[in-house]
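Novice: I am attaching a structure below and will ask some questions about it afterwards.
The values are calculated or read from the model by the stated rules, or taken from the named source; none is laboratory data. Remember, it's a predicted structure, so these values are computed and weren't measured experimentally. FYI the Cβ positions are ideal-geometry reconstructions off the backbone, even for glycines, and counts take in every protein chain you see. Just so you know, the surface numbers come from the protein's heavy atoms only, side chains and all, with ligands and any DNA or RNA stripped out. Shrake-Rupley method; radii C 1.70, N 1.55, O 1.52, S 1.80 Å.
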Amino acid sequence: MKLLAGNSNLPLAQAIAGYLEIPLTRASVRRFADEEIFVEVLENVRGEDVFVLQSTAYPANDNLMELLIMIDALKRASAKRITAVLPYFGYARQDRKPGPRTPISAKLVANLITVAGADRVLSVDLHAGQIQGFFDIPTDNLFGAPVMSADVATRYGEHNLMVVSPDVGGVVRARALAKRLGNAPLAIVDKRRERAGESEVMNIIGDVRGRFCVLVDDIVDSAGTLCNAAAALKAAGAEGVVAYCTHGVLSGGAVARVQNSELTELVITDSIGNHEIIADADKIRHLTIAPLLAEAIRRIAEEASVSSLFD
């Protein structure tokens, strides 16, 4: 087994390699003067089971192209099997046609990864479960719920907890976390999104008075939804509000928005390598998913069950 890391999230790749006690495969990933990407694998990978670690986060197009070129280089170097490990799968929010003459970009990206030569895909908390079906190769979708639930129980277990979904579409995710927290009660924020990146809280479904609310979502981008939901929950009598999100995209003024919000804390995983933008944010904390990804990689390499990770 070999691990090859792109430039998108080297700290996570190094943590995974440390957990598995194997070194990262030596490679040169650089750019020409016109920004064309060039990849050279500096070790023999013929007949090897290779895992390529790359989050397609900002800059999404550069990181995606880097991933595709790394896969192509490995394919041409006669690697036995290539698994694309995408802790964060970019373009996942474009998983359907929201209007006429619009693309389904998640399917396009799935096709690109497959045609480049990947034999398998491993990701974490895909925005929609049906994205697994966009790939014509085996695809494993890991869940951040076990890591999050352990952290919630450790830090906030003494509170009267209630899990809250920030929208109707996230109820399944919230219910899974609530079940892991001893069947904690569930509430839903009913919102209306007038345009991308903007949301307005309409109603709270459930009695949150006196409860310590745990908002759970897969992606936090502008953070407008979470901050509006936190304000609505506090106005409805919640004791406190924390948010747990797998992928901290945190674009634009998201960090400042969280810092000035009613949230006690926003916890994100290290699926995206954006440590520098939250370095001075005391309300935002990283939670590592390196052991989860490393264990899944080990099981895939050993042809063992990945789903049993979540039993």
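Novice: Can you give me the ranges of the helices (runs of 4 or more DSSP H) entirely in region 2-116 with at least 3 residues that are over 28 Å from H286 (Cβ atoms)? First the steps, then the outcome.
Specialist: Working: elements: 10-20, 60-76, 105-116.
Here the list reads 60-76, 105-116.
Novice: With the checklist (1) out of contact with any Leu (no Cβ under 8 Å at 6 or more places or on another chain); (2) closer than 23 Å to L215 by Cα; (3) in a helix (DSSP H, G or I); (4) among the polar types (S, T, N, Q) in hand, flag the one item N183 doesn't pass.
Specialist: With (1) out of contact with any Leu (no Cβ under 8 Å at 6 or more places or on another chain); (2) closer than 23 Å to L215 by Cα; (3) in a helix (DSSP H, G or I); (4) among the polar types (S, T, N, Q) applied to N183, the lone miss is (3).
Novice: Could you say whether any residue in region 118-140 is open to solvent by less than 30 Å² (accessible area, probe 1.4 Å), without any contact (Cβ under 8 Å) to a residue 24 or more places away in the chain and either closer than 13 Å to D218 by Cα or touching a Leu at 6+ places or on another chain (Cβ under 9 Å) (or both)?
Specialist: Looking through region 118-140, at least one residue is open to solvent by less than 30 Å² (accessible area, probe 1.4 Å), without any contact (Cβ under 8 Å) to a residue 24 or more places away in the chain and either closer than 13 Å to D218 by Cα or touching a Leu at 6+ places or on another chain (Cβ under 9 Å) (or both).
Novice: May I ask you to verify whether V52 is at pLDDT 95 or above, buried (at least 18 other Cβ atoms within 10 Å of the Cβ), of a type in the set (A, V, I, L, M) and touching a helix residue (DSSP H, G or I) at 6+ places or on another chain (Cβ under 8 Å)?
Specialist: Numbers: at pLDDT 95 or above: yes; buried (at least 18 other Cβ atoms within 10 Å of the Cβ): yes; of a type in the set (A, V, I, L, M): yes; touching a helix residue (DSSP H, G or I) at 6+ places or on another chain (Cβ under 8 Å): yes.
Yes; evaluated as a whole, the condition is true for this residue.
Novice: Out of the residues in region 16-40 that are hydroxyl-bearing (S, T, Y) and open to solvent by less than 40 Å² (accessible area, probe 1.4 Å), state the one that is nearest to the chain's Cα centre (by Cα).
Specialist: Only one residue tops the list, namely T25.
Novice: Is it the case that A13 is without any contact (Cβ under 8 Å) to a residue 60 or more places away in the chain, open to solvent by less than 20 Å² (accessible area, probe 1.4 Å) and within 13 Å of L53 (Cβ to Cβ)?
Specialist: Considered against the rule, which asks whether it is without any contact (Cβ under 8 Å) to a residue 60 or more places away in the chain, open to solvent by less than 20 Å² (accessible area, probe 1.4 Å) and within 13 Å of L53 (Cβ to Cβ), A13 comes out as yes.
Novice: Hey, another quick one. What about A5, is it at negative phi, open to solvent by less than 40 Å² (accessible area, probe 1.4 Å) and touching a strand residue (DSSP E or B) at 6+ places or on another chain (Cβ under 7 Å)? Steps first, answer last, please.
Specialist: Details: at negative phi: yes; open to solvent by less than 40 Å² (accessible area, probe 1.4 Å): yes; touching a strand residue (DSSP E or B) at 6+ places or on another chain (Cβ under 7 Å): yes.
Judged against the criteria, A5 is a match.
Novice: While we're on this one: Scan region 214-254 residue by residue and report those that are in contact with a Phe, Trp or Tyr (Cβ under 6 Å, 6 or more places away or on another chain), outside any loop (DSSP other than H, G, I, E, B) and either open to solvent by 10 Å² or more (accessible area, probe 1.4 Å) or within 19 Å of L186 (Cα to Cα) (or both).
Specialist: Filtering region 214-254 for residues in contact with a Phe, Trp or Tyr (Cβ under 6 Å, 6 or more places away or on another chain) gives 216, 239-240, 247.
Filter once more, so that each one left must be outside any loop (DSSP other than H, G, I, E, B): 216, 240, 247.
Result: V216, G240.
Novice: Additional query: Give the number of residues within region 78-91 that are of a type in the set (A, V, I, L, M) and either under 15 Å from the mean Cα position of the chain (by Cα) or surrounded by fewer than 17 Cβ atoms within 10 Å (Cβ to Cβ) (or both).
Specialist: Qualifying residue count, region 78-91: 3.
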